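Working notes, beginning with the structure itself.
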Amino acid sequence: MSGPVTYDDTPPTEEGARPHPVPEVEVTAAREATVGALTVRRALPRRGRRAVGAWCFADLMGPAAVTEDAGIDVGPHPHIGLQTVTWLISGESLHRDSLGSEQVIRPGQLNLMTAGNGVAHSEEATGRYRGDLHGVQLWIAQPESSRHGAPAFEHHAELPSVESPAAVATVLVGEFAGAASPARHDTALVGVDLVLRQGTDEWPASPDFEYAVVVVDGTVSVDGTAIDAGQLGYLGRGRDTIRIDRTGSARALLIGGTPLEEPILMWWNFVARTRDEIDDAYAAWQSRSDRFGTVASPLERIPAPAPMWAPSR
Ligand code: MN
C-alpha cells in the first residue's frame, strides 16, 4: 500500500524546526558489589539497562579509607573487547598492566586502558598515599573495528573543562560544549564529570546520542525527575539540550553515545559477542597463555570463574 504520508510518518514542520520527542527519564538504583577491598555501587549494567551508547559498565568506588600498603587491591585480571576509564574524585591509586605501564592516578586525571584482543592489569596502593579514595570506573565496549586489535594504555594528566556560573564540566572522553578530550575513542561517545553548585545548567546535546546521568554525590533533577547519589538516570535519545537542576551541591557523570549497533555479551571481565569468544578468553587466562601477558604486581592473580554455560560446572 502506498500514500498518503501521515503526520505519524513525518510531522509537517520544517527541517530543523521539528522538535525532538523528549523521552522520559528512567531512574535505576545501583547494586552493591565488592571489588578487591572496596565496596562499590554498580550503576551499570542493571537489569533493563545494559548500556548507554558504548558505555557498558559504571562502578562508583568508595569513599573508603586506604593506606600506603592497602588500596583498591584488585590483583592482576584480564580484559577483552573494552576500554577501562578510571577517574578519581579523591585519593590516589596505582595502575599496572601487562604492557608494562605503571601509573599513579590522581583526581582530575584520566587512565584509559584499551583491552582489544587482551590485556591484564592490577589496581593497587601507591606506597605513599593514605586517606580517602573515591572515584569511578567505567567500561566502554569496543566496536568490531578495534576489539580484536592491540591493547593500549593512555594517561591524561590534563583534560579540558567548560565552566558555567554554577558548574565545572570536565570532558573525560569525546566532545562536550565545544571542548574535546584528547583521549582515544573508537565510537561516537562522550563522558563528562560535572561539579555542580546549586542552580541550573542547560548543556548542548546531540540528538543522535542516548544519554544518562550517574550521580556520585548529592541529587540532581532532569525534567523534574530526581536522580540521587548511586542512581543512574537514563535520558534516552533525541535531545538537543540537557537541562540539569539541583537545589544544592552535587557531583555527577554525564555519559552518552550512539547506541550500540550489535548486542554485546558480557561475562566477568570480558566483553564479547559470542560464548565461544568468552570460552577462549577464559581458557587463555586460566592457562596463563601469552594472550594476556603478565603484570608486575605483588598482588595475587585473580582466577576467572568458569562461564555459567560451561557444561562441567
Ligand atoms: Mn579491570
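The values are calculated or read from the model by the stated rules, or taken from the named source; none is laboratory data. Every value quoted in this text rests on a predicted model; they were computed, and no experiment measured them. With ideal geometry, Cβ positions are generated from the backbone for all residues, glycine too; neighbour counts draw on all protein chains shown.
Of note:
- Of the residues making up region 138-154, one or more are more than 13 Å from the ligand (Cβ to nearest atom), part of a strand (DSSP E or B) and free of Cβ contacts under 8 Å to residues at least 60 places away in the same chain.
- Number of residues in region 44-57 that are more than 16 Å from the ligand (Cβ to nearest atom), in a strand (DSSP E or B) and at pLDDT 95 or above equals 1.
- Residue that is farthest from the chain's Cα centre (by Cα), among those in region 39-84 that are over 20 Å from Ser297 (Cα atoms) and of a type in the set (Val, Ile, Thr): Thr39
- Number of positions in region 155-206 that are touching a residue at least 60 places away in the same chain (Cβ under 8 Å), at positive phi and loosely packed, with under 15 Cβ neighbours inside 10 Å: 0
- Number of the exception - Gly135 against (1) modelled with pLDDT of 95 or more; (2) farther than 30 Å from Glu300 by Cα: (2)
- Just one of (1) polar (S, T, N, Q); (2) over 23 Å from Ser146 (Cβ atoms); (3) within 16 Å of the ligand (Cβ to nearest atom) fails for Thr225. It is (3).
- Leu110 being within 11 Å of the ligand (Cβ to nearest atom) and surrounded by 23 or more Cβ atoms within 10 Å (Cβ to Cβ): no
- Evaluation of Arg301 against (1) within 16 Å of the ligand (Cβ to nearest atom); (2) surrounded by 18 or more Cβ atoms within 10 Å (Cβ to Cβ) (one fails), failing number: (2)
- Yes/no for Asn117 being within 13 Å of the ligand (Cβ to nearest atom) and touching a residue at least 40 places away in the same chain (Cβ under 8 Å): no
- Checked against the criterion of being in contact with an Asp or Glu (Cβ under 6 Å, 6 or more places away or on another chain), charged (D, E, K, R), more than 15 Å from the ligand (Cβ to nearest atom) and modelled with pLDDT of 95 or more, region 84-103 contains not a single residue that satisfies it.
- Of the residues making up region 58-98, those that are part of a loop (DSSP other than H, G, I, E, B) and surrounded by 17 or more Cβ atoms within 10 Å (Cβ to Cβ) are Gly71, Ile72, Asp73, Gly81, Gly91, Glu92, Ser98.
- In region 100-123, the residues that are in contact with a Phe, Trp or Tyr (Cβ under 6 Å, 6 or more places away or on another chain) and farther than 22 Å from Thr187 by Cβ: Ser101, Ala120
- Residue match in region 198-212 (condition: outside any strand (DSSP E or B) and modelled with pLDDT under 95): no
- Residue within region 214-225 that is within 30 Å of Thr67 (Cα to Cα), in a loop (DSSP other than H, G, I, E, B) and either modelled with pLDDT of 95 or more or not hydroxyl-bearing (Ser, Thr, Tyr) (or both) present: yes
- Ala283, sole failed condition from (1) surrounded by 18 or more Cβ atoms within 10 Å (Cβ to Cβ); (2) under 17 Å from Pro78 (Cβ atoms): (1)
- Test: residue in region 246-253 that is away from the ligand (no atom under 16 Å from the Cβ) and within 21 Å of Arg50 (Cα to Cα): yes
- Test: residue in region 59-73 that is over 28 Å from Gly257 (Cα atoms), within 11 Å of the ligand (Cβ to nearest atom) and not small (Gly, Ala, Ser): yes
- Some residue of region 124-141 being hydrophobic (A, V, I, L, M, F, W, C) and surrounded by fewer than 17 Cβ atoms within 10 Å (Cβ to Cβ): no
- Residues (out of contact with any strand residue (DSSP E or B) (no Cβ under 8 Å at 6 or more places or on another chain) and acidic (Asp, Glu)) located in region 132-154: Glu144
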